[in-house]
Amino acid sequence: ILWMLMNQKKAVHLELPFSFRFDKGMLKKILGIGIPNGLENSMFQLGKILVLSMASGFGTAAIAANAVSNNIAMFQILPGAAIGFAVLTVVSQCAGAGDFRQVRYYTGKLLKMTYGAKVLINILVLAALPFLIRMYHLSPEAAHYTREIIWYHALCVVTIWPLSFTLPNTLRASADVKFPMILAIISMWIFRIGFSWILGVKLEMGILGIWVAMTIDWLFRAICFTVRYVSGKWEKNALTD
């Protein structure tokens with residue numbers, strides 16, 4: 001890539017000789033978006049470790065089911081995650097131009113694409129679920145847990161996930177990064193971790209309780225992000241930044 005960028009005949013290239021300088025204004029904008037995103041992702045990974053430690057106390061069948069379910073669940077959310085990157089790219093261009101009509105148009109269009117892709121991929125995953133479970137050679141108990149988790153996860157993915165993960169990318173792309181960060185951290189500690197302990201341990205729902213707690217976290221985030229998006233407060237951040 002660097003070799004190609006050295007070609008001065010290309011439309012996009014590195015100018016020679018190199019000139020290094022710090023653009024404080026640009027660095028401030030980059031760090032203003034990057035640091036909150038980094039903190040949010042770091043806290044999210046910490047939460048996953050804490051929840052995993054709870055899951056380890058439910059027995060070997062639950063541990064196996066949780067590991068297999070996590071692998072399968074990645075395919076259930078994969079199209080939405082890919083479209084989420086498109087939201088960041090497209091919306092940032094529109095927001096940078098101050099065209100919020102286009103921001104709303106493309107957000108709605110990409111959300112519809114996300115829902116459609118989610119429905120399709122989850123139908124395929126559920127149809128292939130018996131084969132996938134056999135492929136992992138799970139015990140009858142672990143297979144039972146896995147079927148429960150994947151069916152429940154599929155239902156939540158096609159209803160809640162896009163509003164919880166795709167929609168906030170519109171806010172982030174419009175420089176409204178602090179709200180998603182604060183909300184994600186609060187929601188994770190209260191719902192994902194707190195309710196994992198309540199449902200999984202105290203109410204003895206086991207490994208399924210942890211997955212239910214995760215989707216409660218999704219639901220709370222989805223409601224808050226939708227309210228934020230509809231209110232239009234994120235537009236002011238884009239204009240001021």
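Observations on the structure shown:
- Range in the chain, longest, excluding exposed GluC sites (Glu not before Pro) [loop by DSSP; at most 15 other beta-carbon atoms within 10 Å]: 16-203
- Helix 24-55 axis, angle to the chain major axis (alpha carbon atoms, nearest 10°): 10 degrees
- Tensor-based shape of segment 26-154 (alpha-carbon gyration tensor, a/c under 1.5 rounded, otherwise prolate or oblate): oblate
- Across the alpha-carbon set of the chain, the Rg to Rh ratio works out to 1.05, Rh being the Kirkwood radius.
- In straight-distance terms, cross-link reach from Lys236 covers every one of the aspartates and glutamates whose alpha-carbon lies under 15 Å from its own, apart from those fewer than eight places away in the same chain; here that gives Asp99, Asp176.
- Virtual spin-label span in nm between Asn37 and Phe18, 7 Å along Cα→Cβ: 2.4 nm
- The alpha carbons of segment 110-241 give a radius of gyration and a Dmax of 17.5, 57 Å, in that order.
- More than 19 Å apart - percent of Cα-Cα pairs taken over segment 35-92: 52 percent
- Checking the cross-link pairs Lys48/Lys178; Lys24/Lys48; Lys24/Lys109 against a 29 Å limit on the alpha carbon distance flags Lys24/Lys48; Lys24/Lys109 as lying beyond it.
- By the rule of a C-alpha distance below 27 Å, with chain neighbours fewer than 8 residues away ignored, no lysines are paired with Lys9.
- GNM flexibility winner over the chain from Trp218, Trp151, Trp161 (Cα, springs under 10 Å): Trp151
- Overall, the accessible surface of the chain at a probe of 1.4 angstrom is composed of carbon and sulfur to the extent of 71 percent.
- A DSSP coil position with no more than 10 other Cβ atoms inside 10 Å describes the following trypsin sites (Lys or Arg not before Pro) in segment 1-71: Lys9, Lys10, Arg21.
- Calculated FRET efficiency, His144 to Ile182, Cβ-Cβ distance, R0 = 45 Å: about 0.70 to the nearest 0.05.
- Nearest-0.05 FRET efficiency for Asp99 and Trp197, computed from C-beta distance (R0 41 Å): 0.35
The values are calculated or read from the model by the stated rules, or taken from the named source; none is laboratory data. Everything numeric here is computed off the predicted structure, so don't read it as measured data. With ideal geometry, Cβ positions are generated from the backbone for all residues, glycine too; neighbour counts draw on all protein chains shown. Side chains are part of the model used for accessible areas, which takes the heavy atoms of the whole protein and leaves out ligands, DNA and RNA. Shrake-Rupley method; radii C 1.70, N 1.55, O 1.52, S 1.80 Å.
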